[in-house]
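One structure is given here, and the rest of the page talks about it.
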Amino acid sequence: MMELQRITLADVPGAETVIVGFGRCGRDLHLGALREMAAHLRPRRVIAVDPRPVRDSGPVVVHPSMEPAWQSLADPRRAIFHVATPPQLHQPVVADLVNRGARRIIVEKPIAPTAAAAALLLRHAAAGGATVIPVAVWPHSTLVREARRHLIGLTVKSMHITQSKMRIERTVTDRGHLSALHVEVPHQVMLAIALAGSIAAVQSVRTWDARIDGRIYPDLGGARLELLHTGGVRTEIFSDLCAPGRQRRLRVVGDGVEVNVDLPLSADSHSGRIQVSGYTRAADRYDRPLTSFMNHAYELFKGGAEVPAVELGLHMQVLRVLEEAAVRAGEAALDKEREL
């Protein structure tokens, strides 16, 4: 299993931060989490890099390329870089940052489109002495941690993880993701492995097209996967990207217990609910998993956290599962065409 490289650079609170890619992910999610972080970790200045025109960037200065952004930094070796570009750009962006001297890098999920590209990214970072921390949201969820506590000592039989939403506008205007397997599913697979252990087999997978205003967007309608864990747990993952409403739900069925978790629905949602069989009432909880992740990552960069909450080996396993799922989905589509 690959471990995060420890850093030795001294640091002070309020490091500069650079968000590379200032679309919805960088602007709404990463920047939003940075604003909510603990005061002693919150960066003193945030700048962004994006070649596209950006409206309403507020106090964040957006540079069209890395060169002017780099020149504006007081100390690039102490800055923290967030890579929030489409996955296919992660490896070249990280390589450029490391070559320039970046040493602290957070990368959005999935870390790369393929396990081979991710391994290349991590080798390049290690050769340059850089620490890379991929984003892991749901393992940092207060609700997920509570669900895990209820399952201690029990035998889990099955899990059902649903993350569905109406994504029609982004599907039409933003081609950063080319398959539903790369939108919500990476989060779901990571949660499945974090709760039930390694995946022994991808038992079935299906993706479907989005049909919007008479146009077909291949593989972007949604996805369904069935996974078998090495410990015997079976997980169903479902994601509908044309759903009429949002749903983020985890259901765990164990020996004599069932745990249902309604996770926060969006970046604007700060709470969720957990219901455990045998309890008469559901419990509402404040939950900001992305902010919790950012706090942990910045603590790690400062030397205040011992180990990452999610190790790189888990991210690599997620990528291998997604790769196998993509192959299986392609095979299923070909079989369907032959039948027609």
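Some observations on this one:
- Normalised convex hull volume, segment 9-162, alpha-carbon set, Å³ per residue: 161
- Spin-label pair HIS160-ARG78: with each label point 7 Å from Cα along the Cα-Cβ axis, the two points sit 5.2 nm from one another.
- Each Lys or Arg adds one and each Asp or Glu takes one away; over the other residues whose Cβ falls under 14 Å from the Cβ of ARG45, this sums to +2.
- Here the relative contact order of the chain, from alpha carbon pairs under 8 Å that lie six or more residues apart, stands at 19 percent.
- Per residue, the accessible area of the chain comes to 46 Å² when a 1.4 Å probe rolls over the protein heavy atoms.
- Cα-based radius of gyration for segment 179-331, normalised by 2.2 N^0.38 Å, reads 1.16.
- Per residue, the convex hull spanned by the Cα atoms of the chain measures out at 148 cubic angstrom.
- Residues ARG281 and ARG320, FRET efficiency given R0 of 41 Å [Cβ-Cβ distance, rounded to 0.05]: 0.50
- The accessible surface of segment 80-225, taken with every protein chain in place and a 1.4 Å probe, is 52 percent carbon and sulfur.
The values are calculated or read from the model by the stated rules, or taken from the named source; none is laboratory data. From a predicted model like this one, the values you see are computed outputs, not experimental measurements. With ideal geometry, Cβ positions are generated from the backbone for all residues, glycine too; neighbour counts draw on all protein chains shown. We work out accessible area using only protein heavy atoms, side chains counted, and drop any ligands, DNA or RNA first. Shrake-Rupley method; radii C 1.70, N 1.55, O 1.52, S 1.80 Å.
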